[in-house]
Amino acid sequence: MSRIGRQPIAVPSGVTVNADPGLFRVKGPKGELTVPFNSELSIRNEDGQLLVERPSDRQEHRALHGLTRTLVANAVKGVSDGFTINLELRGVGYRARLVGKNLELTIGFSHPVVIEPPAGVTFAVPEPTRIDVSGIDKQLVGQVAANVRKVRKPDAYHGKGVRFVGEQIALKAGKAGATGGKGKK
């Protein structure tokens, strides 16, 4: 049995769930999400906990069991708490600001880069060098954060660019010295 798939999902108060065959709907204080899943699997609501069950031990059912449980758990957590990914800017003169809902990045290009958030995602800039990407859909929040990082990935020699908070960048050594890399004569 899948260790992840058999774990129950606690449904917090204020969250309503509806599991039809092949479609899971969840509604909470932050919004509403639907999760499509394989109709051969079933989701039961039992005493405020959700259980994902598979019909057999075939390989495809075992593979879908843990995946479906994780997607449902992420949807329940998203509508109750939401997800936030934090990014930071490193570099001289690198900064971010909000222009309406859009994120404007000044990161070493000749022009500022404007990023428009998709529906369901919001940007926050608590400091000029920090960006918070928030929303209820974990996959969408992660993709938007990755797209913001992709605008100016961290440089391998100096570490300048947009990075996730706490991300470690392995810096390269650079040039060997004034002798042109040939060593002393």
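Read the figures in this text as sums done on the coordinates, not as results from a lab. The model shown is predicted, which means the values in this text are computed figures rather than measured ones. Note: ideal-geometry Cβ built from the backbone for every residue, glycine included; neighbour counts use all protein chains shown.
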Amide N of the stretch 78-105 lying under 20 Å from the label point, which is placed 7 angstrom from the Cα of A156 along Cα→Cβ: 90-91
Coarse-grained scattering of the stretch 117-171 at q = 0.16, 0.19, 0.25, 0.31 Å⁻¹, given as base-10 log I(q)/I(0) from a Debye sum over alpha-carbon atoms: -0.52, -0.70, -1.05, -1.29
Only Lys, Arg (+1) and Asp, Glu (-1) charged, at Cβ; the stretch 31-185 dipole about Cα centre in debye: 1520
Simple spin-label estimate for A10 and I115 in nanometres, 7 Å along Cα-Cβ: 3.3
Debye intensity ratio in log₁₀ form over the Cα atoms of the stretch 1-85, taken at each q of 0.21 Å⁻¹: -0.93
Whole-Å semi-axes of the ellipsoid equivalent to the stretch 78-185 (Cα gyration tensor, √5λ, descending): 34, 16, 10
Whole-angstrom Cα spans of the chain along principal axes, big to small: 75, 47, 22
